[in-house]
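Trainee: Mind having a look at this structure? Questions to follow.
What follows is calculated from the coordinates using simple rules that are stated; it is not laboratory data. On a predicted model such as this, the values are computed, not experimentally measured, just so you know. Here Cβ is always computed from backbone atoms with ideal geometry, including for glycine, and neighbour counts include all displayed protein chains.
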Amino acid sequence: MTFRARVIGATVGVAALAVILACLASFITARSALLRSVDESLTQASLSPLGHQIGDDSQFTGSYFELVLANGKTIPTSRVPIDGAILQVAKGKAGRTLRTVEFGGQSYRELIVPLPIDSVVGCATGLCQIKTTSAQLFIVNITGQIQQLRNLVRTLLFVAGGGLLLALVLGIIIARAALRPLEAVTNEIESVANTNDMAYRVAEGGPDELGRLRRVFNRLLNTVQSSQSLQRQLVLDASHELRTPLTSLRTNAQVLARANQLEPDDLHQLTDDMVAQVDELAALVTDLGELSRGERSEGEPLPLRLDECVDECVDTARTHARIKNITIEAHVEPVTIVARRDRLMRAISNLLTNAVKFTPENGRVRVTADLHRVVVADSGPGINDAEQPYVFDRFWRSAAARSLPGSGLGLSIVAQVVAEIGGTVSVERDPELGGARFTIELPEPTP
């Protein structure tokens with residue numbers, strides 16, 4: 001079922017329910033009013049039984065008044081059928097009864113009033129005393145009222161049918177008018193899907209729900225376009241970075257084909273270069289795989305001890321720092337955060353590796369971790385103010401770092417991991433050590 005059909009069906013359904021309830025209420029109200037009037041006239045007639053002489057029917061136009069004895073005999077004799085309900089009241093076994101009956105092709109409203117033994121009623125000789133239980137029977141012809149109710153039912157059915165037809169027409173008109181803007185948005189979205197033009201933007205419209213849909217779709221297009229641009233740039237940058245080591249490997253492989261013409265020292269140097277180049281390619285592929293995860297990694301973040309992660313990364317970094325006699329100072333406070341352990345340790349390790357790489361021999365690296373931040377500072381040359389905005393870009397490397405091994409992706413991975421846990425990372429010059437200082441600002445820990 002289409003959305004248009006659902007809107008029309010809902011409109012007609014609500015209208016139908018309203019019309020049916022209104023017609024039912026009108027019928028019940030009219031019927032109650034008519035019967036109430038008749039019942040009140042019967043009740044008024046029964047209030048003064050002594051004022052009605054038995055056998056005198058002229059006192060009620062279109063009505064009968066008679067006495068029913070316990071044996072079923074009526075005074076006067078009439079054509080009104082005496083059934084079990086009337087006899088039960090006449091025998092004193094039932095109370096006052098008000099009902100609708102039909103006989104002779106007519107409809108009547110019937111009031112049966114019980115009379116005890118020795119009741120006195122009016123008769124031709126004056127007053128008569130009844131020695132047995134009996135019942136007074138008051139009957140009014142309501143055939144006209146019933147006919148009026150039937151006419152009302154036919155009128156209400158006609159009104160209900162006309163109301164439903166009108167609701168159907170209005171539902172179609174309203175659905176067409178209400179869904180026209182939605183159809184326009186759908187056509188624009190289909191056009192984007194067919195042309196794959198991520199630069200297209202729909203008109204945002206007003207503050208209503210449709211305008212919100214347009215704005216959300218535009219934000220989605222912005223996200224997709226940004227993702228496509230980043231993907232294309234990553235492919236271009238990766239192909240550029242892969243070209244240099246692959247070209248070098250190809251050259252060395254061609255030289256290695258003449259290994260019998262090389263001196264042993266040259267051959268050893270050649271193989272060492274090839275191993276280093278393969279390691280560089282492996283590191284680059286690993287970093288590319290890490291970046292390909294995007295801003296969200298797989299797996300659920302779990303509570304972990306930040307100080308334990310920092311200590312483990314510092315212990316690993318010290319094994320590399322000993323080669324250059326670099327001292328790594330750690331000042332860590334116990335704190336628990338929610339993150340993925342492997343990703344967080346990769347980010348901290350990248351900062352420590354970067355600090356050890358650029359710190360000269362006999363230099364210092366300081367690591368600080370507390371409730372809100374992780375700071376890694378070194379005594380290296382630092383990063384110029386003009387280069388600081390680019391240090392977290394993919395494949396970006398400063399002029400001083402291009403001669404050193406690396407892929408230019410380590411700091412990009414740091415920025416990605418920090419963004420994943422809801423933090424920020426920044427770089428500046430450390431006033432004490434004089435080198436670069438990277439600061440990871442962490443979100444407030446959950447108690």
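Trainee: Name the long-range amide H neighbours of residue 382: under 5 Å, sequence gap of 5 or more, or other chain; modelled H, no Pro or chain starts.
Mentor: Counting only residues 5 or more places away or on other chains, the set is 436.
Trainee: If I take R0 = 25 Å and measure r between the Cβ atoms of residue 362 and residue 247 in this structure, what FRET efficiency does the formula 1/(1 + (r/R0)^6) give, to the nearest 0.05?
Mentor: 0.10
Trainee: Where Lys and Arg each count +1 and Asp and Glu each count -1, what net charge lies around residue 385 among other residues with Cβ under 10 Å from its Cβ?
Mentor: Result for the local shell: -1.
Trainee: Something else: Taking R0 as 56 Å, what FRET efficiency do you get between residue 279 and residue 180 from their Cβ-Cβ distance, rounded to the nearest 0.05?
Mentor: E between residue 279 and residue 180, to the nearest 0.05, is 0.35.
Trainee: If you stretched the chain out fully between residue 85 and residue 327, how much longer would it get, using 0.36 nm times the residue separation minus the C-alpha to C-alpha distance?
Mentor: 75.8 nm
Trainee: With charges only on Cβ, +1 for K and R and -1 for D and E, what is the dipole size of region 302-441 about its Cα centre, in debye, rounded to 20?
Mentor: For this selection, approximately 480 debye.
Trainee: As an exercise, use a Förster radius of 51 Å and the Cβ-Cβ distance of residue 263 and residue 191 to find the FRET efficiency, rounded to the nearest 0.05.
Mentor: 0.15
Trainee: What is the extension gain from residue 429 to residue 338, computed as 0.36 nm multiplied by their sequence separation minus the C-alpha to C-alpha distance, in nm to one decimal?
Mentor: Stretched fully, the residue 429-residue 338 segment lengthens by 29.9 nm.
Trainee: Let me ask something additional. Please identify the chymotrypsin sites (Phe, Trp or Tyr not before Pro) of region 158-222 that satisfy two criteria: DSSP loop assignment and at most 15 other Cβ atoms within 10 Å. Which are they?
Mentor: Of the chymotrypsin sites (Phe, Trp or Tyr not before Pro), the ones in loops of region 158-222 whose Cβ has at most 15 other Cβ atoms within 10 Å are 200.
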